[in-house]
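Notes for the one structure printed next.
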Amino acid sequence: MPAHDVLIIGAGLAGQRAALAAADAGSTVAILSKVHPVRSHSVAAAGGINAAINPEDDWRSHAFDTVKGSDYLGDQDAIEIMCSEAPGEIMHLEHIGVTFHRNDTGHLDLRAFGGASMKRTAYVADITGQAILHVLYEQLMKYHDRVDRFEEWFNTSLLRDDSGRCVGCVARNIRTGEMRTFNAKSTILATGGVGQAFKPTTNGLICTGDGMSLAYRAGARLMDMEMIQYHPTTMTANGFLITEGARGEGAHLLNAAGERFMEKDAPNKMELASRDVVSRAEQREINEGRGTGPLKDSVLLDVTVVPKNRVLEALREIVNLGRDFAGIDITKEPIPVRPGQHYTMGGVKTDINGETDVPGLYAAGEVACVSVHGGNRLGANSLLDTLIFGKRSGQHAAAVAGSMQMPKISDAQLRDDTRHIQEIIDRPKTGRRISEIKEELGVSMNQYCAVFRDEEGMTKGKEIVNRLQEEAKTAYIDDRGTVFNQDVLGALELGFMLDCSEAIVTAALERKESRGAHSRTDFTERNDEDWLFHLTVSQDGEGADAPAKLDKAPITFTQWEPMERTY
Amino acid sequence: MSTTEDTTKTDDGAWHGDSEGLKEFTLRLRRFDPESGKAPYYEEFVVEMEPHRSVLDAILTAKDHEDGSIGIRCSCRAAICGSCGTRINDKPGLACHTHLSDALDRSKDGKITVEPMGNMPVIKDLIVDMDAVHWKKQQRVTPWLLPQEPLPVKEHIVPREAMVDVTQSMACIQCGACVSDCLSMEVDPLFIGPAALAKAYRFVGDPRDSRHEQRLTDLANDPHGIYDCTHCFKCIEACPKGVAPMNQIMRLRRIASADHDIEDVNDGSRHEHALVNHVKKWGTLNEAQLVPDSKGGKLHPRSAKEIASSVSVIATALLRRKVTPKTALIHHKNPNQSEIRRIYSEIGARDERLELNLYITQPDEPEAPGDQDSSHEAQIESTGDQSAVNTPATDRTH
């Protein structure tokens, strides 16, 4: 049985950064991931990473933009930490090899991004996430003698000892089917978001909310789960993401009449207002009949106004995407886009060191809710979030591990999980197919928990989620094998997504106001008097059927009082 | 039966579901279950989908609706994560990046055959063991930056072009498509290979790395290193991201030999010089001279040994009249040799080496004719980056 000071689950940017930080602090480290680390969805982050590195910029300006972007739901102490540590982190990334784009003097170049008061987004063409992820993996290969990598291991449960402390996890080797316990003094969740609970989504098939659900089942609170980001520019043809970098480079959004409709919503920032603002504006244009296309369900993103050579240099990935996946040369014609599910602002509630409610359990990145994004995440703040809080979690976990003994674990959970997996494999083909339930979940969440929401729709959504939870108990799979049985993992992932969906819809029904990405047609205004706090969701009691319980958590304010939000 | 997201029409007639209509496609998947004790076999699945949808979409539809045990790695569906490297109708690439219609066009039997990638052991169905080959080779090239110490307080100040240049190899998503069809690796499984050597260029081309010469000396002297590539272009054709691994290997060679004067034990550098000199002298390759010249000249002890060991080959060639003593000894000269010499002197007169880098585009470069009207099919056929190919530019390296 492997035993390490620090165990990290998930190997995207947050997980890899945590692993490197913990190893640098002298810990023994294991990093476990259900996919090879470079397949993690951080790879898809395109546009860049924010940091106030321009001498004329100030991290406080970045912090204020973030607070405002969050619609004052973000915790300001955490935002201050993220923004003040950002420039140092960018320099660290540069030093370990990230090939950031340079300006003519050879310094880091910066591009404009949504919701930012000045250019502060460092980038590598439009493959920034990929470039950083691959460079971190280079470092993991460098650290091969200090960080044990468990690639293609699927986490089935978190382990807790009698005192309630998290002491590791149970995981399945996808390649062999072997089940094993991993013992650790501290465990860091870095498993990403739950985009796959929505269809369509920009998220990869692996983004199934594993860590959120596992922490929830282990007793941790989830926070801000109602805050789901719809990205303003996803391709209508297939739901793929077109980076905000396109608008950062100057692209326009047009309605059917060819109007730049953002004039109405954000006369100053125009297309570079916060994502929630732009997505709502687009959805309004579409809902009011000014959409393009035969179904009038799109607006147009016009990249042709950006000089072609700049497009080819800085936005080449979306040129390829348009050409290969929609048959459109974006350098010559506008491309139909619409808002699409992109990011979960909420997640496992943590403090500024990544610690969750469960002792010994940390969370960092999209799985976590520190909360630095509050009601709406700014573009290019997610990579920053993963790295800063990945690093802090790794460092804190390592410091704690240095002063404690390896906790004892039993293999009761291992036996339970093994039995549960066998039970799924053995199910008779009498229920529904897993894929059917997943499909219905995605379509329903996208219908009832989208850009605009109301009581009636969300109530329906909640009923559907609850019904699907029941149906999932008897849903069957085809694969009876042990080697790469992706089918049975799909069944487990469905369970994770259903937990998260329940939390999302429960919190969204509760918040009777419009704030950030949570926009209700029955409560259209922000209401600071009654709703200026976080909502948390936790499991009321033990066991898989325990209902969701709502609570309030205070927002931390340091220097910025809530103000009206205009762009 | 479609699980597709609702695809919609656009005004200009770009791809969309309704007007294009659904079409039946027959997938022929290579199945292998290591637990069954049975040999691999092929299984057919019929799916109904829009022709512009990807082979991955079709496989996932079959998996969702008919057989959940079909094994394939996948995540992003947008050619970014690099999971779904496969061989489709004998051509390596990403399943998510291959349209059903294009795959069908390449098919000989009206079916879309999908198999696991080559040069790597198969684990199950379309899943191969990348650790055993691909990642092991990555680890071989010391794949991390070795910067000059002490580090600067802020960022390294480096030319803009240099960072864009190495971004071409950073664009690699480690999908393994180039490894799958590398001919050199088929012959020499120890060949470091296109992906790992492209990764090596990412450091050799990076001005922040302090060990260029050590890296190059290592890769030049490794018998499975940069001179093991046979220049077959397969990896360039296979790469879905325009990384052009072979070009990166050739750049490693040029930098090793021309900039660092590394004379390798594999005679790779001397062989290249010999080739260049032959063309300069005769306009053509002089086979009889090539071996001794690659060894350092006829009189060099290395040549004597090589010629001695080649006697039987030479004798057989003469006996079978593949060559005659006359053609072997008196070499045919190109009649336009003066033209060739002119090219040599023009290139030789340059202060620095100009490299054609198709990844960097220049503002004043005119658009290539025909670009406007080239069809999607043609663009997708070319696995390289068409847009960049149309606006070639040169950059200066080292």
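Quick note: the coordinates plus some simple rules give every number you see, no bench work behind them. No experiment lies behind these values; they were computed from the predicted model shown. For neighbour counting, all protein chains shown are included, and Cβ atoms are generated from backbone atoms with ideal geometry for every residue, glycine included.
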(request) Take every residue in peptide A:99-106, count the Cβ atoms of other chains within 10 Å of its Cβ, and give the average of those counts. (result) 6
(request) Using the 2.2 N^0.38 Å rule of thumb for compact globular proteins, work out how the range A:232-339 stacks up: its C-alpha Rg over that value, please. (result) 0.97
(request) Give a residue-ordered list of calculated ³J(HN,Hα) values for the range A:539-556 (Karplus: 6.51 cos²θ - 1.76 cosθ + 1.60, θ = phi - 60°; whole Hz; x for Gly, Pro). (result) 7, 8, x, 8, x, 5, 8, 4, x, 7, 10, 9, 9, 9, 9, x, 8, 8
(request) Please give the helix A:59-69 orientation as an angle from the longest Cα principal axis of chain A, in degrees from 0 to 90, rounded to the nearest 10. (result) 90 degrees
(message) Taking θ = phi - 60°, what integer Hz values does the Karplus form 6.51 cos²θ - 1.76 cosθ + 1.60 yield along the range A:372-388, in sequence order, with x for Gly and Pro?
(response) 9, 9, x, x, 6, 8, 6, x, 6, 9, 6, 4, 4, 4, 4, 6, 5
(request) Take each of the peptides B:152-161, A:314-323, average the number of other beta-carbon atoms within 10 Å over its residues, and list them starting from the highest. (result) A:314-323, B:152-161
(request) Can you figure out the FRET efficiency of A:D426 with A:N173, using R₀ = 30 Å and their beta-carbon distance, to the nearest 0.05? (result) 0.90
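Can you give the translational diffusion coefficient of the range B:203-324 in µm²/s, computed by Stokes-Einstein from the Kirkwood radius over Cα pairs at 20 °C and 1.002 mPa s?
Approximately 131 µm²/s, per Stokes-Einstein.
From the alpha carbon gyration tensor of chain A, can you work out the equivalent ellipsoid semi-axes (sqrt of 5 times each eigenvalue) and give them in Å, largest to smallest?
So the three semi-axes of chain A are 35, 28, 23 Å.
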(message) What does the structure give for B:163-171 when I average, per residue, the other chain Cβ atoms found within 10 Å of the residue Cβ?
(response) 6
(request) Extending each Cα 7 Å along its Cβ direction at B:K326 and A:L550, get the distance between those two points in nm, one decimal. (result) 9.9 nm
(message) As an exercise, use a Förster radius of 45 Å and the Cβ-Cβ distance of B:D67 and A:D162 to find the FRET efficiency, rounded to the nearest 0.05.
(response) 0.55
(request) Would you mind giving the average projected area, over all directions, of the Cα convex hull of the range A:406-445 in nm² with one decimal? (result) 4.9 nm²
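Can you give the FRET efficiency for A:D528 and A:Q447, using 1/(1 + (r/R0)^6), R0 = 41 Å, r = Cβ-Cβ distance, to the nearest 0.05?
Rounded to the nearest 0.05, the efficiency is 0.90.
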(request) Classify the range A:43-172 as rounded, prolate or oblate from the Cα gyration tensor: take a ≥ b ≥ c as the square roots of its eigenvalues, call it rounded if a/c is under 1.5, otherwise prolate when a/b beats b/c and oblate if not. (result) oblate
(request) State the extension gain, in nm to one decimal, for the chain segment bounded by B:A132 and B:K23, taking 0.36 nm per residue of separation less the distance between their alpha-carbons. (result) 35.3 nm
(message) Which one, A:V337, A:M406, B:H156, is farthest towards the positive end of the dipole of the protein assembly as shown when Lys and Arg carry +1 and Asp and Glu -1 on their Cβ?
(response) B:H156
(request) Quick one: divide the alpha-carbon radius of gyration of the range B:18-95 by 2.2 N^0.38 Å and tell me what you get. (result) 1.16
(request) As a check on your grasp of the helix formula, calculate [θ] at 222 nm for chain A: sum -39500 (n - 2.57) over DSSP H runs of n ≥ 4, divide by the residue count, round to the nearest 500. (result) -11000 deg cm²/dmol
(request) Please state the charge dipole magnitude for the protein assembly as shown, taken about the Cα centre, from unit charges on C-beta atoms (+1 on K and R, -1 on D and E), reported in debye and rounded to the nearest 20. (result) 3080 debye
(request) Sort all Cα-Cα distances of the range A:330-456 into consecutive 5 angstrom bins from zero, then give the percent of pairs in each bin up to the one containing the longest distance. (result) 2, 8, 11, 11, 12, 14, 15, 13, 8, 4, 2, 1, 0
(request) Would you kindly state how much longer the chain becomes between B:L151 and B:D188 on full extension, computed as 0.36 nm times their sequence separation minus their alpha carbon distance, in nm to one decimal? (result) 9.4 nm
(request) Give me the number: length gained by fully extending B:A349 to B:D109, i.e. 0.36 nm times residue separation minus the C-alpha to C-alpha distance, one decimal in nm. (result) 80.9 nm
(request) Report the Stokes-Einstein translational diffusion coefficient (µm² s⁻¹, integer) for the protein assembly as shown, Rh taken as the Kirkwood radius over Cα pairs, at 37 °C with viscosity 0.692 mPa s. (result) 112 µm²/s
(request) Can you find, among A:A508, A:T292, A:A215, the residue farthest towards the positive end of the dipole of the protein assembly as shown? Put +1 on the C-beta of Lys and Arg, -1 on that of Asp and Glu. (result) A:A215
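Per-residue counts of other Cβ atoms within 10 Å, averaged by peptide: what ranking do you get for B:192-200, A:421-429, highest first?
Ranking, from highest mean packing down: B:192-200, A:421-429.
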(request) When you have a sec, figure out the Kirkwood radius of the range A:412-521 from all distinct Cα pair distances and drop it here in Å to one decimal? (result) 15.2 Å
(message) Under the rule of at least 5 residues apart or a separate chain, name every residue whose amide H is placed under 5 Å from the amide H of B:D264.
(response) B:S269, B:R270
